[in-house]
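Undergrad: Structure incoming, see below.
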Amino acid sequence: AKKVKAQNIELGVPQREPDSFEEDAIRKGVVTHFNHEKGYGFIRDKKTNQSVFVHVNNTTEEIREDNIVTFETEMGPKGPSALNVKVVR
């Protein structure tokens with residue numbers, strides 16, 4: 001049997017690699033389209049140029065096309081969705 005020293009056992013959540021941390025990072029982007037009647041639109045991520053879906057329920061204030069916003073992302077059923085969307089300008 002192999003002996004394991006108690007001080008070598010790590011408890012808790014393992015540290016993640018910086019690359020996998022991207023989903024939790026606060027991002028910046030531009031609102032490229034927003035339909036107020038339907039309550040959704042899209043943000044273009046400035047770093048990746050990826051189009052990210054945004055729903056009015058995930059905004060902290062009213063957003064309009066061409067607003068610069070900060071946001072977080074989560075994977076939705078059809079791709080990335082923006083959360084905690086805040087207007088910068």
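Any read-out appearing in this document is the output of simple, stated calculations on the displayed coordinates, not a laboratory observation. Source: prediction; values computed, not measured. Methodologically, a virtual Cβ is constructed for each residue, glycine included, from the backbone with ideal geometry; neighbour enumeration extends over all protein chains shown.
Undergrad: Using +1 on the beta carbon of Lys and Arg, -1 on that of Asp and Glu, and nothing else charged, what's the dipole of the chain about the Cα centre, debye to 20?
TA: Charge dipole of the chain: 360 debye, to the nearest 20.
Undergrad: At most 15 other Cβ atoms within 10 Å plus a DSSP loop assignment makes a site exposed; report the longest stretch of the chain without any exposed GluC sites (Glu not before Pro).
TA: 11-36
Undergrad: Can you find, among F34, M75, V87, the residue sitting farthest towards the positive end of the charge dipole of the chain, where Lys and Arg contribute +1 and Asp and Glu -1 at Cβ?
TA: Going by the Cα projections, it comes out as M75.
Undergrad: Check T59: other-chain or 5+ apart residues with amide H under 5 Å from its amide H, H built from backbone geometry?
TA: Residues meeting the amide H criterion: V85.
Undergrad: Still on this structure, I have one more. Which ³J(HN,Hα) values in Hz, rounded to whole numbers, follow from the phi angles of segment 72-89 under the Karplus curve 6.51 cos²θ - 1.76 cosθ + 1.60, where θ = phi - 60° and Gly and Pro get x?
TA: 10, 10, 9, 7, x, x, 10, x, x, 10, 8, 10, 6, 6, 10, 6, 8, 7
Undergrad: Could I ask something else about it? In the set (i) 3, 17, 29, 25, 15, 7, 3, 1; (ii) 3, 13, 23, 19, 11, 6, 5, 5, 4, 4, 3, 2, 1, 0; (iii) 3, 14, 24, 26, 21, 11, 3, 0, which value of P(r) over Cα pairs in 5 Å bins from 0, in percent was calculated from the structure you see?
TA: (ii)
Undergrad: For K78 and K28, FRET efficiency with R0 = 25 Å and r from the beta-carbon atoms, rounded to 0.05?
TA: 0.65
Undergrad: OK, next. Among the lysines, which fall within straight-line cross-link reach of K28, defined as a Cα-Cα distance under 23 Å, with same-chain neighbours fewer than 8 residues apart omitted?
TA: K46, K47, K78, K86
Undergrad: Going by amide H atoms built from the backbone, whose H comes under 5 Å of the H on N67, apart from near neighbours?
TA: Distant-sequence amide H within range of N67: V31.
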